[in-house]
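The values are calculated or read from the model by the stated rules, or taken from the named source; none is laboratory data. Keep in mind that this is a model prediction, so the values were computed, not measured. All Cβ positions, even for glycine, are placed from backbone atoms using ideal geometry, and neighbour counts span all protein chains on display. Remember, those area values only see protein heavy atoms, side chains included, never the ligands or the DNA or RNA. Shrake-Rupley method; radii C 1.70, N 1.55, O 1.52, S 1.80 Å.
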Amino acid sequence: MNAAPDTMTSTSPLIDEIDAQLDQLAPITLDEINTEARLMTRVDRKYFLPRELFSDLIDATSDDFRVLTIEEKRRFMYRTVYFDSPEFRFFRDHVQRRRHRFKVRTRTYVDTGTCHLEVKSKGYRGQTVKQRIDHPIEDPWNLTEAGTEFIDSIVAGAPGQTLLSEQLQPVLETIYDRITLCHDGQRLTCDLDIRAVNGDDSHVGPQDVLVETKSEGGSGLWDQLLKEAGIRPHQVSKYCVAAALLYPELPSNPWARTIDHYFRAAA
């Protein structure tokens, strides 16, 4: 898989207004987030928000939430390379809604110059568990020996899981801007301008902001406000949607309506 271009300039509607709003929020450091709301085991809910509503909710909760700030920046570029088997076993486990399922990825934090190898798993009661180690930033498309041992220590011992790290290969990359908000043990990640890439093939979308609420109990302040606004959570995975768009031979029924409404329309 070839790397995507190194830069992406956001030209999204309302982005300047949103950046100005973020400048008015109290800052929070990464260390503070890791202390207050690390949430490596959590309940996630995902929502698609029109940018106008996203902007309104930032205003409505500006006294409650703080924004991750690093060297005066509040919006950061993320690049994530996903690994799967040639048969897309991890993807198909998600399609089949297997109780134990995984994602393996390297995530590069472009603005801070760091990279991690992550194994994200879904287990009982819908909880998400994320485990990670450092990874060489210069080569996010290849697994190291330490990385393969790390993956196998988590995945190989899971019930019904036989996939080993030696079967994994990079299959796609996602690139997007992320805003992180934090309040009272709750964390929001807000992704804008999502782009899925596989070599020369790419797909851009949606225009909506993909907001993921993360909390221990699954019902934070924004979850309540979105429910009052009639916005329902979506069962959506950036990896699975990107794979379905870039590899149309793969099954995509669980996300077909979401893809048609939010991603194909954006294209």
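Summary table
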quantity: Subset of segment 209-248 [open to solvent by 30 Å² or more (accessible area, probe 1.4 Å), of a type in the set (Asp, Glu) and touching a Lys or Arg at 6+ places or on another chain (Cβ under 7 Å)]; calculated: Glu216
quantity: Count of segment 187-208 residues which are more than 18 Å from Ile259 (Cα to Cα) and either buried (at least 20 other Cβ atoms within 10 Å of the Cβ) or touching a helix residue (DSSP H, G or I) at 6+ places or on another chain (Cβ under 6 Å) (or both); calculated: 3
quantity: Of the criteria (1) basic (Lys, Arg); (2) open to solvent by 60 Å² or more (accessible area, probe 1.4 Å); (3) under 20 Å from Thr213 (Cα atoms), which one Arg97 fails; calculated: (3)
quantity: Looking only at segment 249-267, and only at residues there that are within 19 Å of Arg51 (Cβ to Cβ) and among the small types (Gly, Ala, Ser), the one that is most open to solvent (accessible area, probe 1.4 Å); calculated: Ala267
quantity: Residues of segment 221-257 satisfying the condition of being part of a helix (DSSP H, G or I), within 17 Å of the chain's Cα centre (by Cα) and farther than 24 Å from Ile58 by Cβ; calculated: Tyr239, Cys240, Val241, Ala242, Ala243, Ala244, Leu245, Trp255
quantity: Test: residue in segment 59-75 that is modelled with pLDDT of 95 or more, part of a loop (DSSP other than H, G, I, E, B) and of a type in the set (Val, Ile, Thr); calculated: yes
quantity: Sole exception among (1) in a loop (DSSP other than H, G, I, E, B); (2) under 26 Å from Ala244 (Cα atoms) for Thr108, by number; calculated: (1)
quantity: Test for Arg101: is it charged (D, E, K, R) and free of Cβ contacts under 8 Å to residues at least 24 places away in the same chain; calculated: yes
quantity: Residue that is most open to solvent (accessible area, probe 1.4 Å) [pool: residues in segment 118-142 that are more than 24 Å from Gln235 (Cα to Cα) and outside any loop (DSSP other than H, G, I, E, B)]; calculated: Asp134
quantity: Residue in segment 162-173 that is open to solvent by less than 20 Å² (accessible area, probe 1.4 Å), over 20 Å from the mean Cα position of the chain (by Cα) and at pLDDT below 95 present; calculated: yes
